[in-house]
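**Q** Please read through the structure below; I'll follow up with questions.
Each reported figure results from applying straightforward, stated rules to the coordinates on display, with no laboratory input. Note that the coordinates shown come from a computational prediction; the quantities given were computed from them, not determined experimentally. Note: ideal-geometry Cβ built from the backbone for every residue, glycine included; neighbour counts use all protein chains shown.
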Amino acid sequence: MDIKNLAYILEAYKCRSINKAAQNVYISQSHLSSIIKNVESEIGYAVFIRTPSGLTATDEGRYFLENAEKIVKNWSSILDVPDIFRDRNTLTICCTPSSNIFQYFLDYKELYPAKCSDTFLESGLKETMTGIVNRRCRIGILMMLESQLPKYSQLASDYKLDFTVMKQHIPMHVYMSRSHPLAGAARVTRADLSCYPTVTDVNLDTDDRLSLSDGRQNTLYVSDRGTSYDAVCKGGYLLAGLIHPGNLETMGCVSKPLADGEPVAICLIKSQLYELNLREQQFIAFLSRRLSCL
């Protein structure tokens, strides 16, 4: 079975019309009809039902199309390999939101300048893993609660990714403005936080949030890290996470350890089939040294 024919059949399903799909893929309607008929004959069941309103998939056809889509997508990724790995001197990093990690990335680039274009993306835990699987990035850095380690280690194994814990037992911190009522406390507990509003990123899944809210109503959901910082600095909100000390000074904020908060872990992921280039090895070693000081 030709993979290109699978792509044609998927186009027919998308368009719900053989005629329209044939136009989109620049073949004749009769040719596409023959392709569908031959594939259905080869697999032994009908993929489509022809109705007055257009093509619709049979029950067996829906299962066939789901798997055909995976095959076509994976084949496209195989064809894209030369482009993805053409410049092996670059850094392409996908990371869960963290000003700490991004600052370490900037520090590394300043200490070890290179004449190439690097990439640093931020997304949630699952999205970061998907970014590695789909080769959008070559290195993934995950920050999560320690209780999540078994779940994401297993997911990494399922996705054929190497999963390395770079740092564990990092205390959870709470960030607030210097004028906040809790700013003078040596440490804070969850009970101390119960009377104050918190801020978190609405775009992240529950697993991605080092949340202080525990389901309380007094939570502000914002669209990005910058807006979160504004809410902390200017609005009196509390934020959980790890913020680089230099950024704290610039923001005019303070951090307090959460005495009864769950510790945080930072992990590295990459494809099991990918060998790190020299700059990637250098950056990971640099990052490990910085994380050891947390």
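**Q** Can you give me the C-alpha center-to-center distance between segment 237-279 and segment 1-38, rounded to a whole angstrom?
**A** So the two Cα centres are separated by 49 Å.
**Q** Same structure, new question: At a Förster radius of 25 Å, what calculated FRET efficiency corresponds to the Cβ-Cβ distance of ARG50 and ALA7, to the nearest 0.05? Don't jump to the answer; show the numbers that get you there.
**A** Numbers: r = 21 Å, r/R0 = 0.82.
Once the sixth-power term is evaluated, E becomes 0.75.
**Q** Right, something else. Run the quick spin-label model on ARG289 and GLN154: label points 7 Å from Cα toward the beta carbon, then report their separation in nm to one decimal.
**A** Each label point lies 7 Å from its Cα, and together they span 3.8 nm.
**Q** Using Cα atoms only, what is the angle between the long axis of helix 149-158 and the major principal axis of the chain, expressed in degrees (0 to 90) to the nearest 10?
**A** For helix 149-158, the angle is close to 20 degrees.
**Q** What residue among PRO171, PRO113, PRO97 has the largest mean-square fluctuation in a Gaussian network model of the chain, using Cα springs under 10 Å?
**A** Checking each option, the largest mean-square fluctuation is seen for PRO113.
**Q** With no other cysteine's Cβ closer than 4.7 Å, which Cys residues of the chain count as lacking a disulfide-compatible partner?
**A** Lacking a cysteine Cβ partner under 4.7 Å: CYS15, CYS95, CYS116, CYS195, CYS233, CYS253, CYS267, CYS293.
**Q** Near PRO181, within a Cβ-to-Cβ distance under 13 Å, what is the net charge of the other residues, with Lys and Arg +1 and Asp and Glu -1?
**A** Working: positive: ARG178, LYS256; negative: ASP192.
Counting the neighbours of PRO181, the net charge comes to +1.
**Q** So, one more: Looking at segment 135-171, which trypsin sites (Lys or Arg not before Pro) are in a loop (DSSP not H, G, I, E or B) and have at most 15 other Cβ atoms within 10 Å?
**A** Hits after loop and neighbour filter: LYS160.
**Q** Counting other Cβ atoms within 10 Å, keep those with at most 13, restrict to DSSP loop, and tell me which trypsin sites (Lys or Arg not before Pro) in segment 233-281 are left.
**A** Working: sites: LYS234, LYS270, ARG279; in loops: none.
Nothing satisfies the criteria.
**Q** Using amide H atoms built in the peptide plane, which far-off residues or other-chain residues are under 5 Å from VAL174 H to H?
**A** LYS256, LEU258
**Q** Could you name the lysines whose alpha carbon sits less than 27 Å from that of LYS270, not counting residues in the same chain fewer than 8 places away?
**A** Of all the lysines, those that pass the test against LYS270 - Cα under 27 Å, at least 8 places apart if same chain - are LYS70, LYS73, LYS109, LYS115, LYS126, LYS151, LYS160, LYS167.
**Q** Something else about it: Hey, with R₀ at 41 Å, roughly what FRET efficiency would GLN282 and ASP260 work out to, going by the Cβ-Cβ distance, to 0.05?
**A** Working: r = 38 Å, r/R0 = 0.94.
The pair GLN282/ASP260 has a calculated efficiency of 0.60.
**Q** Right, something else. Near GLU146, within a Cβ-to-Cβ distance under 12 Å, what is the net charge of the other residues, with Lys and Arg +1 and Asp and Glu -1? It would help to have the intermediate numbers written out before the result.
**A** Numbers: positive: LYS151, LYS167; negative: GLU262.
After counting each charged neighbour, the total is +1.
**Q** When the chain is modelled as a GNM with alpha-carbon springs shorter than 10 Å, which of GLU66, GLU280, GLU110 fluctuates the most?
**A** Ranking GLU66, GLU280, GLU110 by mean-square fluctuation puts GLU66 first.
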